Amino acid sequence: MKRRALLSSLAALLCSCRGGSDSSRGAPAPLQAPAQARRLVSLTPAITETVLLLGGAADLVGVSDYCVLPAGLTLPRLGSSLTPSFEGIAGLRPSLILCDDSAGAKRRELTVIAPCQVLPWLTLSEVVQSTRNIGRILDRDAAGNALADSLNGRLSRQPPPGAPRALLLLSYDPDRPADIWFIRRNSLHGAALAAAGAENAVAHDVAGLPRLSVEELLKLDPDDVMIIPPPGSTPELRERLVSAFNALAPLRAVKAGRVGVVTGASQSVGPSILGLVDALAAMLQKMAGPRPVSGFVE
C-alpha cells in the first residue's frame, strides 16, 4: 500500500480538526490589492481550490507543493505554509500571500516578503467566512457569497432520527490492522458524514489524534463502516481493504455486510468536499438495501 499517499492524506485531514458551526473565531478582514497588480501565492490546498473555483486562476502565480491544479495549468511549487520556499516566493513578487492559520505556519516570516492574508479553515463557520473573503479578494463577491452559502447549507444538515451509526475511515492498511484512523465528528469531513445522513459512531468531539484501537472499535460496534481509499487506488486494492476489514468478524457491520469503500470521494477540505457528501449518501442508500454478492466495492 502506498504509505506516503496515506500519510499525506492523513496530514491534510488532521488540519481539519473542528467541524460544525462553531463561531468562536472569526476570519480576519480580507486584504485587498489592486486588480491590475494582483499576484497571489496560495500555500493551502483548500484555499487554492477555492480560488480556482471562483475563477481566479489568472491571479495565481504560485502554489504549495500539495495543491491540486487542473490539467493545463502549471504554477511554481513553493513548499507549504509550514515549510515555505522563501526565496521562490520572493522571486515571484506576490502582491498577497494566502494561507490558513495552521499551528506552525510561517506567517510572520512571510509578511517580510508580502502582505499575508490568513484565512482560517477549521470550523464550518470559518470556511464559510474565508470563502466569502476569497471572493472579495478576487473582486468576485457574488460568486464567493454563493459558494459560501452552498457550503453552509449543505454541511449544516443533521442526520434524521434513527440514522445509522457510521464509522468513516481514512483508508485502512491491511498490513497494519491496528492502525484505525477515523473521521472525527468535529471536523469538516465529520460534517459531511452528518450531512449525508449518518450519525458518527464516535459520538463525541475528539481533540487529539483520531485513532482507534481494535478493542475500542469492537466496543463501538458501528452499524456501517465506510472507507475512503487513498488517491489513485485500484479496484484490487479497494477489494483488499474490505476483505481485510471483514476479518473483524464480531462487528455487526461485518456480519450484516455493511462495509464498503467510498469511491469518487475527495479527501479535500475545499469546496469539492460537497462531492463527498453525495458519495457518502449514495453508499448509505446502497447499504440500506440488499447486499451485493461482491460487497460494496466499486
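Distances between placed amide hydrogens fall under 5 Å for residue 60 paired with 40, all partners being 5 or more residues away or on another chain.
Please list 219, 255 from largest to smallest accessible area, probe radius 1.4 Å, with all protein chains kept in place.
Largest to smallest exposure gives the sequence 219, 255.
Couplings for region 235-240, taken from phi via the Karplus curve 6.51 cos²θ - 1.76 cosθ + 1.60 with θ = phi - 60°, read x, 5, 5, 5, 5, 5 Hz in order; Gly and Pro are left as x. Around the amide H of residue 227, modelled in the peptide plane, lie the amide H atoms of 169, 260, 261, 262, all under 5 Å away and 5 or more residues distant in sequence or on another chain. If Lys and Arg each add +1 and Asp and Glu each add -1, what is the summed charge of the other residues whose beta carbon sits under 15 Å from the beta carbon of residue 199? Once all neighbours under 15 Å are counted, the net charge is +2. When 263, 50 are compared by accessible area at a 1.4 angstrom probe, the order from most to least is 263, 50. Protection proxy ranking of 194-201, 157-164, by the mean of other Cβ atoms within 10 Å over each peptide's residues and highest first, is 194-201, 157-164.
For region 123-138, backbone phi angles converted through the Karplus equation (6.51, -1.76, 1.60; θ = phi - 60°) give residue-by-residue couplings of 7, 4, 4, 5, 4, 4, 5, 5, 5, 4, 5, 5, x, 5, 4, 8 Hz, Gly and Pro being listed as x.
Going by accessible area, probe 1.4 Å, with all protein chains left in place, what is the ranking of 73, 124, largest first?
73, 124
Label positions at residue 216 and residue 176, each projected 7 Å from the Cα along the C-beta direction, are separated by 1.5 nm. Amide H contacts of residue 96: 39, 41, each under 5 Å away and 5 or more positions distant or on a separate chain (H built 1.01 Å from N in the peptide plane; Pro and chain starts excluded). With the convex hull constructed from alpha-carbon coordinates only, region 122-192 shows a mean projected area of 6.5 nm² over all directions. Using a Förster distance of 35 angstrom, determine the FRET efficiency expected from the C-beta separation of residue 136 and residue 285, and round it to 0.05. E(calc), rounded to 0.05, equals 0.35. Fraction of C-alpha pairs exceeding 23 angstrom in region 155-298: 27 percent, rounded to a whole number. Ranking 181, 144, 156 by how far each Cα lies toward the positive end of the dipole of region 138-198 (charges on Cβ) leaves 156 at the top. Protein heavy-atom surface of region 170-251, 1.4 angstrom probe: 54% of the accessible area is carbon and sulfur, with nucleic acids and ligands not counted. Only Cα sites of region 49-100 enter the Debye sum here, all with the same form factor; the resulting log10 I(q)/I(0) across q = 0.31 1/Å is -1.52, listed in q order. Under 12 Å of direct C-alpha separation, and excluding same-chain neighbours fewer than eight residues apart, residue 286 reaches these aspartates and glutamates: 224, 298.
The values are calculated or read from the model by the stated rules, or taken from the named source; none is laboratory data. All values derive from a computational prediction rather than experimental measurement. Every residue, glycine among them, receives a Cβ derived from its backbone with ideal geometry; neighbour counts consider all protein chains shown. Please note that ligands, DNA and RNA were not included when accessible areas were found on the heavy atoms of the full protein model with its side chains. Shrake-Rupley method; radii C 1.70, N 1.55, O 1.52, S 1.80 Å.
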